[in-house]
Amino acid sequence: MTTNMRGIEVLQDPRRNKSTAFTEAEKQSLGLVGLLPDVTETEDLQLQRVNSQLAQKPTDLERYIYLMNLLDHNETLFYRTLMSDPARFLPIVYDPTIGEACLKFGHIYRQARGMYLSMTRSGKVKDVLKNWPQKDVRFICVTDAGRILGLGDLGANGMGIPIGKLQLYTACAGVPPQFLLPMYLDAGTNNEQYLHDPLYLGMRKARPSTEELYSFVDEFVEAVQEVFPKCCIHFEDWTGVDAVHLLQRYRDKYCVYNDDVQGTAGIVLAGMINAAKIKGTKLRDEKYLFLGAGSAGIGLANLLCTAMVQEGLTVKQAQSRVYMFDINGLLEDTRKDLVDFQQPYAHKHAPTRDFVAAIESIKPTTIIGVSTVGGTFTQKVIEAMSRINERPVVLALSNPTEHAECTPEQTYTWSKGKAIYAAGVQFPPVRFNGQTFLPGQANNFYIFPAVGMAIFATQASRVTDEMFIEAARAVADQVPSDLLKQGLLYPLQSNILETEIQTAARVAKLVFDLGLARVPRPADMVAFIREHVYKPEYNVEAASRTTVA
Ligand code: NAI
């Protein structure tokens, strides 16, 4: 059923509000005469005003608050702003500013966005979900905030993450925002600071047992199938063990994925594929040593092995090329402290807690830092890698910046310009020995929005690892050869939307090939994706009409 909105109601609805862009005819027909200045501005002029107001803000956190406020009033202008210069705005609405925004979430809170599903609603989850006004939800990004970025348990303050993550689906890949639902699953928090903060917005209770938590997540996942049958559930920022276990629990039964495990792995894999291209090898020819065996490390190791199997190795052969080292030393077959999903990488090897000794014994071609600890790829580590390899590959992925295992400057200097390097954060270009090196950023936003767009357009019924590998290959293929020569492993951020459309088209093709699509196969996959892309433009009809259940 559609109803006609008029007057102030239109201005108060961020999806329909055009602010100063309503034409005289629209003002007449919608009862807006006198409620707005008489001018009719173009969208470009509105964007100019946004930019000028943003320039007055002293910090990125203030810019974040301003942009969220803009979203509360005018969704189209918000996305027009983000999509006008993603490289500038994504670090404001997402990483790194989002970390600070989450830490202060209860204090900077203005208006509810998304849904808060507390464990006190156990047995009534379906009813709660039905309160969401949109009936066709295609993505729920859900966190229990067990591990927000590198910041740990943030409880309800973690709500900033699903909000920001879903904005990237739209800003990077054009998934229409009305289909996206951010969700905080409130299982309490063990964060003492927040438990004692009067402005904290979550349940003031310690976290439950794993059994209680998983049983509530079961109710949530099952309720989603019924209330939003076309919905994909994106798990985000759960603790490492929960991330892996919940993914295992649902992946073959429902349309779910975990970006920390699969999306992160996809983007790192794209870098590995391009590093191999620079060296003239294949993934299966390389030997990998991880520093860190948590959710990111294990997710990446698993996806990497699947990709090596696609290149002709058996699972055992692929796993034999992957070694891992964690806080207690090398994962090897005498270790008694390993969890089930780490076992495949615990090879026969003498115990050691010395990373350089492990490099000298294992002779990896690639080291991957996912340890959360800055500076752990020391000069000795890089020099050892450079002694063993003509072109050592060094991926220092921990973030934020001060947590990077090593900087590009250190890596190019200590390896005398031989290393191929990428980080988890953006570093500026480095001049070394008269040469300019371009350190790439393994940023998930090249992968999950594109995979999300492919799922959205095809109405995929499952999300598989192969889809993330295909996304990785598509991203890797979009780095021009001249930039590859300068060591850049990832596409430039200046044209993200086009990069993601091409990636989404490749993933969509795979979804059809795997028989997982729930719509007819189109003839032209890129055109098919383009048809689904949201454009941040005012729609006169949408300004006045709304659909209610
Ligand atoms: P986690 O907490 O699940 O795992 C951390 C792992 O590092 C554990 O295995 C731990 O034993 C090990 N570790 C800690 N201190 C260590 C030390 N001094 N030496 C050796 N190992 C040590 O964390 P998770 O989720 O796996 O993330 C790891 C880091 O990687 C985070 O900083 C994350 O932001 C970053 N990351 C960034 C990516 C990107 O930018 N695209 C991609 C993947 C990870």
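Restricting attention to helices (runs of 4 or more DSSP H) lying wholly within segment 214-327, give those where 2 or more residues are without any contact (Cβ under 8 Å) to a residue 60 or more places away in the chain and either more than 16 Å from the ligand (Cβ to nearest atom) or open to solvent by less than 20 Å² (accessible area, probe 1.4 Å) (or both).
Here the list reads 240-250, 295-310, 315-320.
Could you tell me whether any residue of segment 356-364 is part of a helix (DSSP H, G or I), among the hydroxyl-bearing types (Ser, Thr, Tyr) and within 14 Å of the ligand (Cβ to nearest atom)?
For segment 356-364, residues part of a helix (DSSP H, G or I), among the hydroxyl-bearing types (Ser, Thr, Tyr) and within 14 Å of the ligand (Cβ to nearest atom): absent.
Can you tell me which residues in segment 396-412 are open to solvent by less than 50 Å² (accessible area, probe 1.4 Å), closer than 19 Å to residue 327 by Cβ and not in a loop (DSSP other than H, G, I, E, B)?
Answer for segment 396-412, where residues must be open to solvent by less than 50 Å² (accessible area, probe 1.4 Å), closer than 19 Å to residue 327 by Cβ and not in a loop (DSSP other than H, G, I, E, B): just 396.
Can you tell me which of 489, 514, 483 is of a type in the set (A, V, I, L, M) and more than 28 Å from residue 309 (Cα to Cα)?
Exactly one residue qualifies, and that residue is 483.
Filtering segment 367-387 down to residues that are within 12 Å of the ligand (Cβ to nearest atom) and open to solvent by 50 Å² or more (accessible area, probe 1.4 Å), which residue is nearest to residue 406 (Cα to Cα)?
378
Among the residues of segment 190-197, is any in contact with a Cys (Cβ under 9 Å, 6 or more places away or on another chain) and either closer than 28 Å to residue 138 by Cβ or not aliphatic (A, V, I, L, M) (or both)?
No, segment 190-197 contains no residue that is in contact with a Cys (Cβ under 9 Å, 6 or more places away or on another chain) and either closer than 28 Å to residue 138 by Cβ or not aliphatic (A, V, I, L, M) (or both).
Would you list the helices (runs of 4 or more DSSP H) that sit entirely within segment 78-166 and hold 3 or more residues that are more than 25 Å from residue 423 (Cβ to Cβ)?
105-108, 125-129
Out of everything in segment 418-429 that is modelled with pLDDT of 95 or more and more than 13 Å from the ligand (Cβ to nearest atom), what residue ends up being nearest to the chain's Cα centre (by Cα)?
Filtering first and then ranking leaves 421.
Does segment 431-464 hold any residues that are away from the ligand (no atom under 16 Å from the Cβ) and assigned to a helix (DSSP H, G or I), and which are they?
The answer is 452, 453, 454, 455, 456, 457, 458.
Of the conditions (1) part of a helix (DSSP H, G or I); (2) open to solvent by less than 10 Å² (accessible area, probe 1.4 Å); (3) not small (Gly, Ala, Ser), residue 490 clears all except one; give me its number.
Checking residue 490 against (1) part of a helix (DSSP H, G or I); (2) open to solvent by less than 10 Å² (accessible area, probe 1.4 Å); (3) not small (Gly, Ala, Ser), the one that fails is (1).
Which one is nearest to the chain's Cα centre (by Cα) among residues in segment 342-355 that are within 16 Å of the ligand (Cβ to nearest atom) and either open to solvent by 70 Å² or more (accessible area, probe 1.4 Å) or more than 23 Å from residue 320 (Cβ to Cβ) (or both)?
343
Quick check on segment 241-248. Is at least one of its residues polar (S, T, N, Q) and under 23 Å from residue 156 (Cβ atoms)?
No, segment 241-248 contains no residue that is polar (S, T, N, Q) and under 23 Å from residue 156 (Cβ atoms).
Could you tell me whether residue 296 is in contact with a Phe, Trp or Tyr (Cβ under 8 Å, 6 or more places away or on another chain), of a type outside the set (Lys, Arg) and at pLDDT below 95?
Criteria not met by residue 296.
Here are 390, 402: which of them is more than 10 Å from the ligand (Cβ to nearest atom) and closer than 24 Å to residue 97 by Cα?
402
The values are calculated or read from the model by the stated rules, or taken from the named source; none is laboratory data. Quick caveat: nothing in here was measured; it's all calculated off a predicted structure. Neighbour counts are summed over all protein chains in view; Cβ atoms, including those assigned to glycine, are modelled from backbone coordinates with ideal geometry. Quick note on the areas: whole protein, heavy atoms, side chains included, nothing else; ligands and nucleic acids left out. Shrake-Rupley method; radii C 1.70, N 1.55, O 1.52, S 1.80 Å.
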